[in-house]
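Single-structure report; data block below.
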Amino acid sequence: MSTSISGSPEAFVPTTDSSESRGYPTRKAAAPSAVPYGASGTETYLTEVFGLGKFHKIGLVEEVSSGRTWCLQSDEGASLGGTNLAPAPLFHWLAGLQADVAYRILAVAQSRSVTLESIHVGVSQGLASKGSFARGQAVALIFGLDWDFDVRSSASEAEVESMIDVAMRSSPAVSAMREAKEGSFALRTNGQATSVEGLTQWDEPNGVDPRTRYTEIPGPTHEASEQVFTFVDGGGQPADASAKIATHSSLNASNVPVGFYVDARGNLDLDTGLMRTSTGLPDMTSDRWEILMDPTGKLAPTPLAMFAVGTAFCYHTQLSRYVNVRRLDLAESSLAQRTNYTAPEFENETMAPAGEIQTEMFLNGGATHDETRSLLKVAANTCYVHRAMSVEVAITTDISALAS
């Protein structure tokens, strides 16, 4: 089934029924993945996002080397003015980060012939904002990234700590947080190139407006695949403090109040190789989303694909919010984003470089070039993911290891 992008999206809008999937493969792999987990090299993801109304949106994320493409959805929860029809952008992003590290721990263990009984990985990020959003002066604040690991294996505690260190150093997603790196941007207003203000200009953008490239939302391939997103109704009330997975010790010296936490946690299924990550906003609601990932990209998106689409979803959401606040005549917006992730060899002490993010925004409507050229900077300042990747983020780890 396909649904027109320019027409009414009602037929495509999902409910929060946990039996309904909100993601499916829309293009089969034409070649093997260039960088399977445990291998070194560079993989590129192309993510295209367009809105379906308010915060609800569609994202198509393609692993360029294989051509494998997934159609995923995003929304915001009711606490942020959304309709909770799909996981929030931050949930995609943090789940991808969490699972990327989990799979690299497994790959390191396999390379060292270490038998694993279980791998639990949890990560929590504190976020806030300051300044006037309406005036375009708001800035997202990024606090420490806190990890906790529980690994049961045949290895000693020192060996487990070494494996986790290697996994963290080889993760392009972790490096995106550790190393401050600005992205590059391009803008087209009603099909015409528009210079951007306050950002690095992407001089030779090669994106195509998704609303032009696709006359309708691509339908599923009808392969046998697993349910990617599952809504878990927790009753809506904030979770108990004991449910938090990290101490947020990096925040203790800060005088700036933390707006909220987002967390992601889960056990890697060593029998199936799948990761089902539970993610949410425990300080705001006990409702959760479970996000399924597959390192092969066959039954569910890879962690880096989820990380990439979360980045694009978050940026598109923040820009759309600002357009609404400013009441600009921009009925349609979409973006195309390219992200390169490079993984080094495990045992050469090299840290993965921060991935390069190139974003091209397509705005259509009655707004002028002068009205649109400053929008991308406002979105970059308030997008939690882009801010997290443009500043150095302190990282803490708590490791529990038990030898079998």
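The values are calculated or read from the model by the stated rules, or taken from the named source; none is laboratory data. Not measured: the values here are computed from a predicted model. Please note: Cβ atoms are built from the backbone with ideal geometry, for glycine as well, and neighbour counts cover all protein chains shown. Ligands, DNA and RNA are excluded from the accessible area calculation, which covers all protein heavy atoms including side chains. Shrake-Rupley method; radii C 1.70, N 1.55, O 1.52, S 1.80 Å.
Entry remark, segment 212-240: residues being within 20 Å of Gly365 (Cβ to Cβ) and under 22 Å from the mean Cα position of the chain (by Cα) number 0 in total.
Taking the residues in segment 125-178 that are more than 23 Å from the chain's Cα centre (by Cα) and open to solvent by less than 20 Å² (accessible area, probe 1.4 Å) as candidates, determine which candidate is farthest from Val262 (Cα to Cα). So the residue we want is Ala155. Could you check, for segment 99-112, whether at least one of its residues is open to solvent by 20 Å² or more (accessible area, probe 1.4 Å) and touching a strand residue (DSSP E or B) at 6+ places or on another chain (Cβ under 9 Å)? Yes: one or more hits. Applying a threshold of 7 Å to beta carbon distances and a minimum spacing of six or more residues, or different chains, the list of pairs starting in segment 290-303 at a residue that is more than 14 Å from Leu97 (Cβ to Cβ) and ending at one that is open to solvent by 10 Å² or more (accessible area, probe 1.4 Å) and part of a strand (DSSP E or B) reads Glu290/Thr230; Glu290/Val232; Glu290/Arg276; Glu290/Ser278; Leu292/Arg276; Gly297/Glu63. Just so you know, in segment 222-233 the residues that are open to solvent by 30 Å² or more (accessible area, probe 1.4 Å) and among the polar types (S, T, N, Q) include one that is modelled with the highest pLDDT, and it is Gln227. For segment 343-376, the set of residues classified as of a type in the set (Val, Ile, Thr) and open to solvent by 40 Å² or more (accessible area, probe 1.4 Å) consists of Thr350, Thr368, listed by residue number. Residues in segment 266-289 that are among the hydrophobic types (A, V, I, L, M, F, W, C) and more than 19 Å from Pro301 (Cβ to Cβ) were compared, and the one that is least open to solvent (accessible area, probe 1.4 Å) is Leu281. Is it the case, given these coordinates, that Ser65 is under 18 Å from Asp294 (Cβ atoms), open to solvent by 10 Å² or more (accessible area, probe 1.4 Å) and at pLDDT 90 or above? It is true that Ser65 is under 18 Å from Asp294 (Cβ atoms), open to solvent by 10 Å² or more (accessible area, probe 1.4 Å) and at pLDDT 90 or above. Are any residues in segment 304-325 farther than 28 Å from Ser33 by Cβ and in contact (Cβ under 8 Å) with a residue 12 or more places away in the chain, and if so, which ones? Answer for segment 304-325, where residues must be farther than 28 Å from Ser33 by Cβ and in contact (Cβ under 8 Å) with a residue 12 or more places away in the chain: Thr317, Gln318, Leu319, Ser320, Arg321, Tyr322, Val323, Val325.
For segment 32-43, a tally of residues being part of a strand (DSSP E or B), surrounded by fewer than 18 Cβ atoms within 10 Å (Cβ to Cβ) and at negative phi returns 1. Only residues that are of a type outside the set (Gly, Ala, Ser), touching a helix residue (DSSP H, G or I) at 6+ places or on another chain (Cβ under 9 Å), within 28 Å of Arg276 (Cα to Cα) and outside any strand (DSSP E or B) were counted in segment 114-158, giving 2. Scan segment 266-290 for residues that are among the acidic types (Asp, Glu), more than 19 Å from the chain's Cα centre (by Cα) and modelled with pLDDT of 95 or more and jot them down. Passing the criteria: Asp269, Asp271. Counting only strands (runs of 3 or more DSSP E) that sit wholly inside segment 297-404, those with at least 1 residues that are more than 30 Å from Val114 (Cα to Cα) are 332-343, 356-364.
Out of segment 377-399, which residues are under 16 Å from Val262 (Cα atoms), touching a Leu at 6+ places or on another chain (Cβ under 6 Å) and either open to solvent by 40 Å² or more (accessible area, probe 1.4 Å) or modelled with pLDDT under 85 (or both)? Across segment 377-399, the qualifying residue is only Ile395.
Restricting segment 143-198 to residues that are of a type in the set (A, V, I, L, M, F, W, C) and free of Cβ contacts under 8 Å to residues at least 40 places away in the same chain leaves a set whose member that is farthest from Glu117 (Cα to Cα) is Ala193.
Here Asp209 passes the criteria (1) over 21 Å from Ala354 (Cα atoms); (2) of a type outside the set (S, T, N, Q); (3) open to solvent by less than 10 Å² (accessible area, probe 1.4 Å) except the one numbered (3).
Of everything in segment 339-366 that is among the hydrophobic types (A, V, I, L, M, F, W, C) and at pLDDT below 85, the residue that is nearest to Val166 (Cα to Cα) is Phe346. Scanning segment 210-222 for residues that are assigned to a loop (DSSP other than H, G, I, E, B) and over 16 Å from Glu62 (Cβ atoms) yields a count of 2. Considering segment 17-31, and only residues there that are modelled with pLDDT of 90 or more and assigned to a loop (DSSP other than H, G, I, E, B), the residue that is surrounded by the most Cβ atoms within 10 Å (Cβ to Cβ) turns out to be Ala29.
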